[in-house]
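The structure appears right after this line, and notes come after that.
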Amino acid sequence: MHAHHSSGTPVPSPQVNTGPCAAEFAGARDAAEIDAHVARSHLSKAALLAIACALFVGCGTHRAPIAATAPAATDVASADASVDVTELGATGKTPRVGPGALGGPLAGIDAGLLARFEAGRDDFLELEDIADGIGPVFNEVSCGSCHDQPVGGTTGRTETRFGRVVDGRFDPLAEKGGSLMQDHAIGAVGAGAGAVTFVPETVPAEANVRALRLTTPLFGLGLVDAVPDETFLQLAQLEASRSPSTAGVANLVTEITTGATRVGRFGWKCQVPTLHQFSGDAYLNEMGVTSAQFPNESCPQGNCALLAFDPVPTLNNDGEDVDRFTDFMTLLAPPPRAERAYGVAAQGEEVFRSLGCANCHTPSLVTGESPVPALSHRVFQPFSDFLLHDMGPLGDGIVQGNAGATQMRTAPLWGLGSRHTYLHDGRARTVEQAITAHAGQAAAARERYYRMNPGLRQHLLAFLRSL
Ligand code: HEC
Ligand code: HEC
């Protein structure tokens, strides 16, 4: 099994993910759009116009005081085409998810669910060994080795993927152990004729694509799991009709337990549809532990003959651990918003919308029905549409299922303030570096960021750090 974190057979779907979108960048928008924006904004129209104006050179050399003389609407270039959560089925009465602590459980869950959260967390943090099924090749011996600081987050650990492109076609080099490299192995096992030494995988000479992937934090993902597929499909349609140049597409993948075609939403390429499936996928591909959804060990460097020496060749886990990891992640609270989400940071949110960031980084989504009351019909704020966008040269070059080489999932921005490295390979050390690396469908937003007034840029960064 080589498709670590890319479980599921890709389902071809021309309407959904047809690869790179037309690069037709939206220009200045008109006054009607500003009105539409103001209708759902907390600031007055005058204040919004002043902010939008100050974003662009040509509106005057100094920043207009907020709510002072508003320029004519025709001077304003707002690229905001973001989708409001009311367009996805929420109403003014739909409750927001309650605040929780980083690494803690969802607010308001009962004692039974709390016990499941805690049992799941223990299992998630447990260090496993060869007798538990670790290896023969693997990356770490616990989910918590990578998803920690605090538990469920990210240590900043990256892992390596590789492949080979020939005549524009991507080959994951499965026969060489790709596309995911396992950088640890269990070493010497057996004795006499049954002795073998398992060694960590390396990038083979044939590979001409190599990419790092940063561990993503898992906070709040139970909410994302509870969003119906139709909501993401509807969001993709709204984006396509409103702003084709920034619109995202859903990645359709197969849910292993049901065989159903689902909207992928987890992983840097939206390659996995559910937390349950990701648990089995990660258990195999990060730790080398097999379970019902993923019964076949990963062949060391692609050499399946070596599996004859696997010290634990039977199915490693009966599924109980997979269920526990799922419980923990399902009940893990979303990152709390910082107090400074008010004042300057609130103005920064308006800037964020005006630049067109919210076209992809959708501020709010709403869940559907869930057996967990705290997840059922809740509005939450991930700042992502969980759709794929063509990021041009920022893309990682790896093809996974229907997700093309340059397509990446809009990274959720919640919890940004507690992170230290950004983007899929962790190349950005500051939020500003992450913004200026945007390309492809996000190139126009990056250009607006470059052109904006430096004072407002600070508001934007304060807002992003408050998430
Ligand atoms: C060696 C480090 C490592 C270990 C161990 C690890 N993960 Fe991950 N995890 C990652 C990386 C890297 C990603 C991003 C993968 C990608 O998209 O290619 C990720 C992504 C995820 C995601 C998707 C999150 C999102 O934002 O969509 C889930 C869920 C997850 N891991 C769960 C687990 C579970 C459960 C375990 C233990 C069984 C585990 N991981 C073990 C590194 C690790
Ligand atoms: C066309 C869609 C799109 C637009 C517009 C866009 N982004 Fe992004 N953003 C993405 C994608 C996709 C990623 C993940 C890219 C990667 O790592 O390869 C991302 C990543 C980020 C990250 C890094 C997050 C992380 O977890 O590492 C930040 C910060 C960010 N965007 C902020 C912004 C800001 C601010 C704007 C507006 C100036 C913006 N984005 C506009 C799609 C977009």
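Laboratory data are not the source of any read-out in this text; all were calculated from the coordinates shown. Bear in mind the structure is a predicted one, so any value in this text is a computation, not a measurement. Because the Cβ atoms are built from the backbone with ideal geometry, glycine has one as well, and the counts that use them run over all protein chains shown.
Where in segment 390-431 does the amide nitrogen come within less than 18 Å of the point 7 Å from the Cα of Thr257, taken along Cα to Cβ?
None, by backbone N distance to the label point.
Kirkwood hydrodynamic radius, computed over distinct alpha-carbon pairs, for segment 102-190: how many Å, to one decimal? Numbers along the way, then the final one.
Details: mean 1/r = 0.0626 Å⁻¹.
By the Kirkwood definition, the hydrodynamic radius is 16.0 Å.
Which order do the peptides 403-412, 92-101, 207-216 take when ranked by the mean count of other beta-carbon atoms within 10 Å per residue, highest first?
On the way: 403-412: 23.8, 92-101: 12.7, 207-216: 18.9.
Those peptides, ordered most packed to least, come out 403-412, 207-216, 92-101.
Calculated FRET efficiency, Asn303 and Glu369, Cβ-Cβ r, R0 56 Å, to nearest 0.05? Please report the intermediate quantities before stating the final value.
Details: r = 46 Å, r/R0 = 0.83.
Once the sixth-power term is evaluated, E becomes 0.75.
Order the peptides 291-304, 171-184 from the highest to the lowest mean number of other Cβ atoms within 10 Å of their residues.
Numbers: 291-304: 18.2, 171-184: 21.4.
In descending order of packing, they fall as 171-184, 291-304.
Can you give me the long-range amide H partners of Lys269? Hydrogens built in the peptide plane at 1.01 Å from N, cutoff under 5 Å, separation of 5 or more residues or another chain.
Arg409
Once the other residues with Cβ under 12 Å from the Cβ of Pro204 are scored (Lys, Arg +1; Asp, Glu -1), what is the net sum? Working shown, then result.
Values: positive: Arg164, Lys176, Arg210; negative: Asp171, Glu175, Glu201, Glu206.
Result for the local shell: -1.
Given a Förster radius of 41 Å and the C-beta distance between Val344 and Arg157 as r, what FRET efficiency does 1/(1 + (r/R0)^6) yield to the nearest 0.05? List each step's numbers first, then the result.
Working: r = 33 Å, r/R0 = 0.81.
The formula returns an efficiency of 0.80 here.
Please list, in order along segment 215-221, the HN-Hα scalar couplings obtained from phi with the Karplus expression 6.51 cos²θ - 1.76 cosθ + 1.60 (θ = phi - 60°), rounded to whole Hz, x for Gly and Pro.
5, 8, x, 10, 4, x, 6
Per residue of segment 153-169, in order, report the coupling 6.51 cos²θ - 1.76 cosθ + 1.60 (Karplus, θ = phi - 60°) as ³J(HN,Hα) in whole Hz, putting x for Gly and Pro.
x, 9, 7, x, 4, 10, 10, 10, 10, 9, x, 9, 9, 10, 6, x, 9
Between Ala195 and Asp122, what length comes free when the chain is fully extended (0.36 nm per residue of separation minus the Cα-Cα distance, one decimal in nm)? Could you put the intermediate results ahead of the total?
Numbers: separation 73, 0.36 × 73 = 26.28 nm, distance 3.43 nm.
Value of the extension gain: 22.8 nm.
Arrange the peptides 316-329, 274-287 so that the one whose residues have, on average, the most other Cβ atoms within 10 Å appears first.
On the way: 316-329: 21.0, 274-287: 25.0.
Answer by packing, highest mean first, reads 274-287, 316-329.
Taking segment 340-447, which chymotrypsin sites (Phe, Trp or Tyr not before Pro) meet the DSSP loop condition and have no more than 11 other C-beta atoms within 10 Å?
Answer in residue order: Tyr342.
I need the calculated FRET efficiency for the pair Arg451 and Ala107, taking r as the beta carbon distance and R₀ as 45 Å, to the nearest 0.05. Mind showing how you got there, number by number?
Working: r = 41 Å, r/R0 = 0.91.
Efficiency, from the Cβ-Cβ distance: 0.65.
Per residue of segment 308-314, what does 6.51 cos²θ - 1.76 cosθ + 1.60 with θ = phi - 60° give for ³J(HN,Hα)? Whole Hz please, x for Gly and Pro, Karplus curve as stated.
These are the phi-based 3J(HN,Hα) values: 4, 9, 4, x, 10, x, 7 Hz.
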